[in-house]
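Visitor: Below is a structure I'd like to ask you about.
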Amino acid sequence: FLLGASSPHSFLFDPWRNLFVSETFNHRIEFFRRNETIGQTAFGLINVVGTTSFLFDRPQGMTFDSQWNLYVVDSFNHRIQK
């Protein structure tokens, strides 16, 4: 399913049927446009752990709010990242 993925934890579709995938041990969120098979890193940096606003430490669950902002459970940083 995800070439090079390291522990994909959860996935989420937006209203336009784009796919977001949290990769726990790659510390990033991957984004796949509708009907595309190759994704791109949307948030985080592959294999880079951090506490700044653009880095994650083992991202897991995700959800959207009513304005379609993405929220990510950044589990080892003990926070929810918008």
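The values are calculated or read from the model by the stated rules, or taken from the named source; none is laboratory data. Computed from a predicted structure; not experimentally measured. All Cβ positions, even for glycine, are placed from backbone atoms using ideal geometry, and neighbour counts span all protein chains on display. Accessible surface areas use protein heavy atoms only, side chains included; no ligands, DNA or RNA. Shrake-Rupley method; radii C 1.70, N 1.55, O 1.52, S 1.80 Å.
Visitor: May I ask for the longest run of the chain untouched by chymotrypsin sites (Phe, Trp or Tyr not before Pro) that are loop-located per DSSP and have at most 15 neighbouring C-beta atoms (other than their own) within 10 Å?
Guide: Looking at the chain, 17-53 is the longest stretch - no exposed chymotrypsin sites (Phe, Trp or Tyr not before Pro) with at most 15 other Cβ atoms within 10 Å.
Visitor: Karplus couplings for region 53-68 from phi (6.51 cos²θ - 1.76 cosθ + 1.60, θ = phi - 60°), rounded to Hz, Gly and Pro as x?
Guide: In residue order, the calculated couplings are 5, 10, 10, 10, 10, 6, x, 10, x, 9, 7, 10, 8, 5, 9, 6 Hz.
Visitor: Okay, moving on. Can you put Thr37, Thr24, Thr51 in order of accessible area, largest first, using a 1.4 Å probe?
Guide: I get Thr37, Thr51, Thr24, largest accessible area first.
Visitor: Same structure, new question: Could you list the square roots of 5 times each eigenvalue of the Cα gyration tensor of the chain, that is, the equivalent ellipsoid semi-axes, sorted largest first and rounded to whole Å?
Guide: Ellipsoid semi-axes (Å, largest first): 19, 16, 9.
Visitor: Ok, one more. Taking all protein chains as present, what is the carbon and sulfur share of the accessible area of the chain, in % to the nearest whole number, probe 1.4 Å?
Guide: 55 percent
Visitor: Further question on the same structure: Short version: ³J(HN,Hα) in whole Hz for each residue of region 22-39, in order, from phi by Karplus 6.51 cos²θ - 1.76 cosθ + 1.60 (θ = phi - 60°), x for Gly and Pro, what are they?
Guide: The phi angles translate into 8, 10, 4, 8, 9, 6, 8, 10, 9, 10, 10, 5, 3, 6, 9, 9, 10, x Hz.
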